[in-house]
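Report on the structure given below.
The values are calculated or read from the model by the stated rules, or taken from the named source; none is laboratory data. Note that this is a predicted model, so its numbers are computed, not measured. Note that we place each Cβ from the backbone using ideal geometry, even for glycine, and neighbour counts take in every protein chain shown.
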Amino acid sequence: MTPALHISHLRKVYRSGTVAVEDLTMDIQQGDFFGFLGPNGAGKSTTIHCITGIANPTSGTIEVFGIDAVKDYHEARRQIGLSPQEFNVDTFATVTQIVDWMAGYFGLNAKERKARVDMLLERFDLTQHAKKRFRELSGGLKRRVILARALVHDPKLLILDEPTAGVDVELRRDLWRYLQELNRDGKTILLTSHYLEEVERLCRTIAIIAGGKIVRNGPKSGFLGSPGGLEDAYLIATGAEPDHIAAAAP
Amino acid sequence: MTHRGINWIGLWTIMRREWSRLMRVPVQAFIAPWISSLLFIFVFGFVVGSRIRTIAGHSYIEFVLPGVLMLNVVNAAFLQSTAQIYFQRFMRYIEEVLVAPFSYVEMVVGALAMTVVRAVVTAVGILLIGVVFHATRLQSFPEFLFWIVSVSLIFGLLGIAVGLWADNFEQLNMLNVFFITPLSFIGGVFNTIDMLPPYMRWIAWGNPFFYLINGIRHSMIGYTDAPEGLGAAVTIILIGFMGVAVWRLFSIGYGIRE
């Protein structure tokens with residue numbers, strides 16, 4: 001089966017000369033819940049930006065459901081929904097406008113837009129905030145708006161860049177349930193997070209990136225099976241020493 | 001969801017978004033240029049104009065108003081497109097368009113669409129004010145529309161380029177101060193070419209503003225300083241050249257993609 005996402009030898013060098021991603025190769029299978037872990041500045045967001053068209057890859061290929069994300073970007077972008085780490089919205093726009101406009105950008109007609117927007121605002125408990133401006137919302141509500149916007153065109157591949165950063169426990173749990181539902185219904189999900197518990201609970205496959213390179217990639221069971229579980233596996237893969245190893249050192 | 005490969009709904013959505021943004025500042029967008037034109041009519045028509053002899057057989061206000069109208073159209077188009085692109089970059093919501101299925105041509109057309117609407121609304125408003133106060137007339141509406149749309153496209157495209165280039169608010173205004181305003185003032189807003197000192201006349205012929213002002217003036221009062229065909233050709237070539245340049249900026253991601 002064609003992978004939902006195929007990245008081959010991706011390299012991204014910024015104008016400043018910083019090499020953010022170096023020879024990154026990975027596949028995400030259709031229907032997978034894929035955890036993409038790494039320390040700050042490891043290259044997670046840059047990789048996501050290259051996939052979604054926010055950054056130009058320096059070299060390498062990216063295919064989304066077999067569609068070249070650079071050459072046939074027009075079609076590739078239809079397949080993807082992105083919830084970015086930072087809020088990239090017109091903060092003076094209302095909740096409804098933000099979600100509705102994104103639906104419009106993806107070509108949904110007025111009837112489809114209304115149905116999708118109403119459903120998502122209700123699903124994310126935003127109906128009573130529909131007419132509020134984005135800037136008037138709390139951090140948790142803002143995060144919900146961004147998630148609703150990412151889902152409005154019903155993408156086949158959902159990319160979530162730290163979707164639960166700064167949200168309360170209740171919303172986090174609710175979001176986990178919803179993401180699991182979406183994944184069960186066949187949506188492929190790529191999740192980056194600094195909460196290992198979240199990744200451990202949701203993902204089936206995990207890749208760890210450090211210094212712009214994939215340093216470990218495989219099924220979750222492979223990470224959980226190692227002594228110390230995912231946290232130790234993560235620390236070792238990223239070059240940091242787990243506490244118990246550091247304590248035992250002479 | 002899209003028809004014949006063009007994302008029509010997406011383009012319409014960009015227009016809806018920009019209209020909503022514009023309606024947050026309706027006084028600045030529309031009322032201000034109309035009031036300033038009204039003041040021009042009062043000063044040049046009744047206060048100063050009554051003491052100035054006719055220019056090329058037209059009263060001074062009749063001669064000047066097309067130029068004043070053009071300056072407001074230039075301002076509306078340039079401000080609309082620079083603000084649109086710069087704020088999208090500044091607040092990063094340009095990423096909403098980048099991740100959506102828009103071709104680069106559609107991105108440029110989307111950015112220009114509301115620019116043209118704002119410019120046309122501004123121009124028609126000033127024209128109506130001028131007609132109501134007997135300060136101008138309209139020779140040919142299709143010709144008038146051609147010139148207004150052309151001017152708004154030229155300065156809309158220029159504004160997009162500046163919006164992509166600028167890194168702060170100061171830079172947004174630089175082109176206006178050092179290029180647009182001086183060229184428009186020596187392009188024949190307030191005078192005919194014959195009134196310029198001989199050594200300055202060649203500047204007017206090489207100044208694109210001259211053809212734009214001349215075209216609008218011809219469509220309104222029938223007076224022309226240059227062959228109409230030459231003006232239209234210069235204008236269309238300029239639009240084509242600038243359109244390709246801006247499309248190229250979008251396609252390489254200049255100012256919008258790392």
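Restricting segment A:65-93 to residues that are out of contact with any Ser or Thr (no Cβ under 8 Å at 6 or more places or on another chain) and acidic (Asp, Glu) leaves a set whose member that is farthest from the other protein chains (Cβ to nearest Cβ) is A:72. Please enumerate the residues belonging to segment A:170-208 that are surrounded by fewer than 22 Cβ atoms within 10 Å (Cβ to Cβ) and β-branched (Val, Ile, Thr). Result: A:205, single match. Taken over segment A:94-115, the criterion of being within 13 Å of residue B:96 (Cα to Cα) and either charged (D, E, K, R) or more than 9 Å from chain B (Cβ to nearest Cβ) (or both) is satisfied by A:99, A:100.
Restricted to helices (runs of 4 or more DSSP H) entirely inside segment B:186-253, those with at least 2 residues that are over 16 Å from residue B:148 (Cα atoms) and within 14 Å of another protein chain (Cβ to nearest Cβ) are B:228-252.
Is it the case that residue A:211 is surrounded by fewer than 16 Cβ atoms within 10 Å (Cβ to Cβ) and over 13 Å from the mean Cα position of the chain (by Cα)? Spelling it out, it is not the case that residue A:211 is surrounded by fewer than 16 Cβ atoms within 10 Å (Cβ to Cβ) and over 13 Å from the mean Cα position of the chain (by Cα).
Among the residues of segment A:51-64, those that are within 11 Å of another protein chain (Cβ to nearest Cβ) and surrounded by fewer than 18 Cβ atoms within 10 Å (Cβ to Cβ) comprise A:56, A:58. If you go through segment A:116-138 and keep only what is within 14 Å of chain B (Cβ to nearest Cβ), within 28 Å of residue B:8 (Cβ to Cβ) and either exposed (fewer than 15 other Cβ atoms within 10 Å of the Cβ) or in contact (Cβ under 8 Å) with a residue 60 or more places away in the chain (or both), you end up with just A:131. With respect to being assigned to a loop (DSSP other than H, G, I, E, B), within 14 Å of chain A (Cβ to nearest Cβ) and under 30 Å from residue B:103 (Cβ atoms), residue B:16 falls outside the description. Of A:197, A:181, all but one fail to be free of Cβ contacts under 8 Å to residues at least 40 places away in the same chain and farther than 30 Å from residue A:76 by Cα; the exception is A:197. The residue of segment B:163-194 that is surrounded by the most Cβ atoms within 10 Å (Cβ to Cβ), among those that are among the small types (Gly, Ala, Ser) and closer than 17 Å to residue B:84 by Cβ, is B:163. Scanning segment A:46-82 for residues that are on the phi > 0 side of the Ramachandran plot, modelled with pLDDT of 95 or more and touching a Lys or Arg at 6+ places or on another chain (Cβ under 7 Å) yields a count of 2. Listed by first and then second residue, the pairs with beta-carbon distance under 6 Å, at least 6 apart or on different chains, first residue in segment A:26-47 and touching a residue at least 12 places away in the same chain (Cβ under 8 Å) and more than 23 Å from residue A:187 (Cβ to Cβ), second part of a loop (DSSP other than H, G, I, E, B) and not aromatic (Phe, Trp, Tyr), are A:39/A:238; A:43/A:212. A Cβ distance below 8 Å, combined with a sequence gap of six or more or placement on separate chains, defines the contacts here; from segment B:239-255, residues that are surrounded by 13 or more Cβ atoms within 10 Å (Cβ to Cβ) reach residues that are of a type in the set (Val, Ile, Thr) and part of a loop (DSSP other than H, G, I, E, B) in the pairs B:250/B:256.
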